[in-house]
Amino acid sequence: MLIQKSKFKVTLLNQKALGIKIIIFSSLLIGLIFAFLLDLALGSVDIPINEVVKILLGQEIEKPIWANIILKFRLPKALTATLAGAALGVSGLQMQTLFKNPLAGPFVLGISSGASLGVALVVLTASATTPTLLADLGYLGDFGLVIAASLGAASVLGMMLVVSRRVQDTMTLLILGLLFGYATSAMVSILLQFSSKERIQNYVMWTFGSFAGVTWKQLVVLTPVIFLSLFLAVLQSKSLNALLLGESYARSLGLTVQKTRFSIITSASILAGAITAFCGPIAFLGVAIPHLCRSFFNTSDHRILIPSVTIMGAILALVADLFSQLWVSQMVLPLNAVTALIGTPVVTWVILRRNSQKSFPS
């Protein structure tokens, strides 16, 4: 009887936990829809949300000019923010699991700097033949930009993975990530010395980060790349769960660790590289979002974390985009300034929490 009662209690607790997770997940979906509509509605010209919905549904609206504002400018920007937040969040989650480091992320470990170097090699060396930022290269130029950024990100990520096998200390690994970032930034600085003033100005503006510069034509390239990489990340859920328990345990389950590492590096590099290519190096989102989702869902199961990080990342990116427009009238703040204000408290909380756990072990 006691065993049956204990099993019944465990079942009730599991059902309660599942119910709470479903409520949180549903709330995130509603929050994503609301943030998306709000990003479309607010700006230099405020448009009622009901009119925004009518525009998206193709219905008649009060002012036809609102349709041009939404469809030509705000909708591509909002879609880009949604893709960027999802991609950077999942990329950060993959890196934190791969390196077993809670502070790992595309920007912190120098991955974004590697992607920036790949972009710089394409953009700055193309200055002699193209007057604007790859505008004349069409789809070939957009795919080239994604490939260059992904290869740059993969190069730094591969070096960090090699170093992490010899360095066990978390802070040392972060310092090395910063050093790799400085090294790639130095290479970019050298390239800048041999580029035209117009190309340098375009590149510097790109480094501030923005979702507004992505066109519908570029979204045709960016969207399938991000969706395929996110799908690959979802397929890696069980492998990532196994790596959490150590490589020996993963091998005992029949997992080929080398192939799994390569798959994770490929997915994370494309996610971080593609977003960096079109939106610039965006800081802190990749570090902060996985920790927020772990806290909300109280789990390390990647089958739950990957979809929740995807949605949470999209929400925070849309919120950051809103804040960058609304803080100062008639002016758009650099996106990295806003994401730093969002991400810094989360990273600080992670560091303080880890220190308190070391000082007062349970």
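The values are calculated or read from the model by the stated rules, or taken from the named source; none is laboratory data. Keep in mind the model is a prediction, meaning the values are calculated, not measured. All Cβ positions, even for glycine, are placed from backbone atoms using ideal geometry, and neighbour counts span all protein chains on display. Calculation scope for accessible area: heavy atoms of the full protein, side chains included, ligands and nucleic acids excluded. Shrake-Rupley method; radii C 1.70, N 1.55, O 1.52, S 1.80 Å.
State whether one or more residues within the stretch 271-284 are at positive phi and either over 11 Å from the mean Cα position of the chain (by Cα) or buried (at least 24 other Cβ atoms within 10 Å of the Cβ) (or both). Can you show your working first?
Narrowing the stretch 271-284 to residues at positive phi: 280, 284.
Filter once more, so that each one left must be either over 11 Å from the mean Cα position of the chain (by Cα) or buried (at least 24 other Cβ atoms within 10 Å of the Cβ) (or both): 280, 284.
There is at least one residue in the stretch 271-284 that is at positive phi and either over 11 Å from the mean Cα position of the chain (by Cα) or buried (at least 24 other Cβ atoms within 10 Å of the Cβ) (or both).
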Residue pairs within 8 Å by beta carbon, gap of at least six or interchain, first lying in the stretch 7-31 and at pLDDT 80 or above, second open to solvent by 80 Å² or more (accessible area, probe 1.4 Å), listed first then second, are Ile24/Phe296
For the stretch 245-265, does any single residue satisfy the condition of being touching an Asp or Glu at 6+ places or on another chain (Cβ under 7 Å) and not polar (S, T, N, Q)? yes
Being modelled with pLDDT under 90 and buried (at least 16 other Cβ atoms within 10 Å of the Cβ) is the filter here; which residues of the stretch 48-65 pass it? Ile61
Do any residues in the stretch 210-223 that are within 17 Å of Ile147 (Cβ to Cβ) have Cβ atoms under 9 Å from those of residues that are part of a loop (DSSP other than H, G, I, E, B), where the two are at least six apart or on different chains, and which pairs are they? Leu222/Val214
Among the residues of the stretch 237-257, how many are open to solvent by less than 30 Å² (accessible area, probe 1.4 Å) and of a type outside the set (S, T, N, Q)? 6
Inside the stretch 204-247, the number of residues satisfying the requirement of being modelled with pLDDT under 85, within 22 Å of Leu83 (Cα to Cα) and in a helix (DSSP H, G or I) is 3
Say we look at the stretch 197-213 and pick out the residues that are touching a helix residue (DSSP H, G or I) at 6+ places or on another chain (Cβ under 9 Å) and not hydrophobic (A, V, I, L, M, F, W, C); which of these is farthest from Val338 (Cα to Cα)? Arg199
Kindly list, by first and then second residue, each pair from a residue in the stretch 50-69 that is within 15 Å of Leu40 (Cβ to Cβ) to a residue that is of a type in the set (Phe, Trp, Tyr), limited to pairs with Cβ atoms under 7 Å and residues at least 6 apart or on different chains. Glu51/Trp66; Ile55/Trp66
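Out of Thr299, Thr344, report the one residue that is surrounded by fewer than 21 Cβ atoms within 10 Å (Cβ to Cβ) and not in a helix (DSSP H, G or I).
The match here is Thr299.
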Within the stretch 148-171, is there a residue that is open to solvent by 50 Å² or more (accessible area, probe 1.4 Å), at pLDDT below 75 and either within 13 Å of Ser113 (Cα to Cα) or part of a helix (DSSP H, G or I) (or both)? yes
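Tell me, which residue of the stretch 187-214 that is among the polar types (S, T, N, Q) and surrounded by fewer than 14 Cβ atoms within 10 Å (Cβ to Cβ) is nearest to Ile315 (Cα to Cα)?
As a first pass, look at the stretch 187-214 and keep what is among the polar types (S, T, N, Q): 189, 193, 195-196, 201-202, 207, 210.
Still in the list and also surrounded by fewer than 14 Cβ atoms within 10 Å (Cβ to Cβ): 189, 193, 196, 201.
Working: Ser189: 34, Gln193: 38, Ser196: 38, Gln201: 30 Å.
Among residues in the stretch 187-214 that are among the polar types (S, T, N, Q) and surrounded by fewer than 14 Cβ atoms within 10 Å (Cβ to Cβ), the one nearest to Ile315 (Cα to Cα) is Gln201.
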Taking the stretch 258-270 and keeping residues in contact (Cβ under 8 Å) with a residue 40 or more places away in the chain and open to solvent by 10 Å² or more (accessible area, probe 1.4 Å) leaves Arg261, Ile265, Thr266, Ile270
